[in-house]
1. Any idea which of (1) assigned by TED's automatic domain parsing to the domain that holds Ala58; (2) farther than 23 Å from Val91 by Cβ; (3) surrounded by 15 or more Cβ atoms within 10 Å (Cβ to Cβ); (4) without any contact (Cβ under 8 Å) to a residue 60 or more places away in the chain is the one Asp221 doesn't satisfy?
2. Would a scan of segment 270-281 turn up a residue that is in contact (Cβ under 8 Å) with a residue 60 or more places away in the chain, surrounded by fewer than 21 Cβ atoms within 10 Å (Cβ to Cβ) and in a loop (DSSP other than H, G, I, E, B)?
3. Condition first: modelled with pLDDT under 70 and among the aliphatic types (A, V, I, L, M). Now tell me which residues in segment 71-96 satisfy that.
4. Quick check on segment 130-171: of everything there that is among the polar types (S, T, N, Q) and part of a strand (DSSP E or B), which residue is nearest to the chain's Cα centre (by Cα)?
5. Of these, Thr344, Thr389, Thr365, Thr333, which one is at pLDDT 90 or above, farther than 19 Å from Arg300 by Cα and either surrounded by 20 or more Cβ atoms within 10 Å (Cβ to Cβ) or β-branched (Val, Ile, Thr) (or both)?
6. Could you tell me which residue of segment 57-70 is modelled with the lowest pLDDT, considering only residues that are surrounded by 15 or more Cβ atoms within 10 Å (Cβ to Cβ) and under 25 Å from Gly117 (Cβ atoms)?
7. Which number in (1) modelled with pLDDT under 90; (2) of a type outside the set (Asp, Glu); (3) more than 26 Å from Ala230 (Cα to Cα); (4) assigned to a strand (DSSP E or B) marks the one condition that Ala285 misses?
8. Output the number of residues of segment 374-394 satisfying the condition of being farther than 16 Å from Cys334 by Cβ and not in a loop (DSSP other than H, G, I, E, B).
Amino acid sequence: MNRWIWPDSRPARYVRCAGALVLVAALVGGLLLLREHRRESELAGACGGVFGVPEARALLGDGPYGEDAVSGRTTGDLDGRGASLRSSCTVEGLHDVTLSASVDGVPARGHRHDLDGMYPKVPGDLPAQPLGHGWNGLFSSGESLRGSPGGELVTAVLLDCRAKKDDLLVTVRAEPDRDDGAAPVDDPRERTRYARVATAAAAHADDHWGCGARTGKTPRDGDIALPVGAYDDVPLDDAKGTCAGIPGRGRSAARAWESARGRPGAASPLETCVLGTTEPTAAVAYRFEALYGPYAQAARADHAENDYTDRRKNPATAAAGRLHDGGHWASATCPGSRERALFTVRPPYRDPLRHEDRRSAAQRTKDRAWERAALKSFAQHSARTHTCTHLHLP
C-alpha cells in the first residue's frame, strides 16, 4: 500500500524566518536612520544652520539634546539698510560642553546705549593666537597674567563680505567642564576640534547670509598654536611676534608676552603685545593693542561714551593723539573695512586720587616720547600684516 508522504515544511519555515529577519533589520535600520536624521536636523537647525554638524557633534555628542538644550534668536540683516544682523544660539551638549555661536553684522547699527555690548568680548588679558589657515581670526582661552585660565574657549572669525554687504563677525564660545581639571587647550588635537567648530560655523554663516567672503581652510591637527600663558614670556629683544621691533624700556618692561611667534603674516582682528617684568612677580608695564573692524568700532564707541575729560579729541573723533588716562593712539586705513584700524599703547592705570604721579616733568616727557616711538613700531608691524595704509601717528 502506498503511503502519503507530507512535504517537508522546514524550507518554508526557513524562508519565513529569513524574511522576518530582513524585515526586522530594515525596520531597525530605518529607525537608526530616522534617529540620525533627527540628531542632524537638531543641530542643522540651530542658529539658522550655522553649526557644522560633524564638527559640533564631535564636541557635543550625538544627542538628542533635550527640549531646552537649543536656544537662539536672529534679528536684522546684512543689507545695510535697517538694523544690523545679530544672531545668537546656544547648544548644551552631552559631554559637559556648551557651545554658543554669535553672528554679528559689521558695522553694528543701533542705539548709542547698545554699543557697549555690540560685539562679543574676547576674554583674558594675554594675547590671543591668530587662527591662521587663511582665516582672519583668533583663538583665546582667556589666560590671565596671574596664571589662571578662563572658563571658556573663544574663537572669532571676521569675514570680509562682498560689496554692498555688511561684514560678518562669527564668534564661537565653548565652555568645557573637565572633571580631571585638565585644560583642553593643552592637547593640540582638542584645540583643533574647537577651532574647526568655529571655521565650519564661519563657512556656514558665509553661505547662509550670502556674504560671499573668501574663506580659509579647515585647520589640521596640531596646527592651532597654544594660547599665550603667564609663563610664556620672552626677553623683549627676542620678540618675533606681535611685540617684534618695539624698543627696550629698561627693567620695568624687559619681558614680552606676544602671539604669532614664528607665524609671520597670520592676521587677526585683535592683536596684543604685553610688556612687563617677572621679578619679583609678574607685572604689566605697557599694553599694546591693534584693533580691526568690529573691535575698533567697539573701542571707539566706548571712548565716545566715557571720555568725559576730552570729548573733542579722542579715538572716536581724531585719527591720533594722547589718551586722557595715559598712553597714545594711532589709526590706519585698511582694505575692505569701513572702520579705520585703531592702535593703542597704555601704561597701567593708576587712580590719580590714590596714586600720586611723582615723576618729574622731564621724566614724563621721556616716558611719552618712548610710548610714541614704541606705538609707531607696533602699529607699523601690525599694519603691514593687514596691508593697511595712511598710518596716522601721535
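The values are calculated or read from the model by the stated rules, or taken from the named source; none is laboratory data. From a predicted model like this one, the values you see are computed outputs, not experimental measurements. Here Cβ is always computed from backbone atoms with ideal geometry, including for glycine, and neighbour counts include all displayed protein chains.
1. (3)
2. no
3. The answer is Leu94, and nothing else.
4. Across segment 130-171, the extreme among qualifying residues is Thr155.
5. Thr389
6. Once the filter is applied, the top-ranked residue is Ala69.
7. (3)
8. Qualifying residue count for the region: 4.
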